[in-house]
Amino acid sequence: MATYITKSDYLAHSGIDLEIELRSGNTDNPSMAVDIFMNRVENWMLAHIAQNFIDTDGYNLTPTNTTDFDTTVFKTACLYQIDYMRANGDITMTTGNGVVKLAPDALMTLQNAGMANIGRITRPWRRNNGY
């Protein structure tokens, strides 16, 4: 179901088996809980990148553009986002005041690859958006 990350990716990254970790989760489909969770993380990360870091100046961070979108970097950022959510909870991935919270390690990973810099440079009014 998830496109970029798998259960085994996260197990290799963290040593944590999400099948065990999410076993007691609140879902009507426990056999798909991990896939649903990872799919939500990926979709949220893609939407977050699109909203905050894509501009209309020709820079294209969509998965179909392999020049600007690095799937390995995106995968690593998603794994860090899962770490962050496990440590801090999944409250629709926002803080109490509605500010979107991207995992610091995920943001650093994206920034180091040039995938999270555009919005901050060309949209200065967004600098206080929770990072």
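The values are calculated or read from the model by the stated rules, or taken from the named source; none is laboratory data. All figures in this text were calculated on a predicted structure; none of them were measured in a lab. Neighbour counts are summed over all protein chains in view; Cβ atoms, including those assigned to glycine, are modelled from backbone coordinates with ideal geometry.
Data table
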{"read-out": "Members of the range 1-18 that are in contact with a helix residue (DSSP H, G or I) (Cβ under 6 Å, 6 or more places away or on another chain), of a type outside the set (F, W, Y) and part of a helix (DSSP H, G or I)", "value": "K7, H13, L18"}
{"read-out": "Selection within the range 1-50 - among the β-branched types (V, I, T) and farther than 15 Å from Y80 by Cβ", "value": "T3, T6, I20, T27, V34, I36"}
{"read-out": "Residue satisfying all of: in the range 43-61; of a type in the set (V, I, T) and over 24 Å from Y10 (Cβ atoms); modelled with the highest pLDDT among these", "value": "I54"}
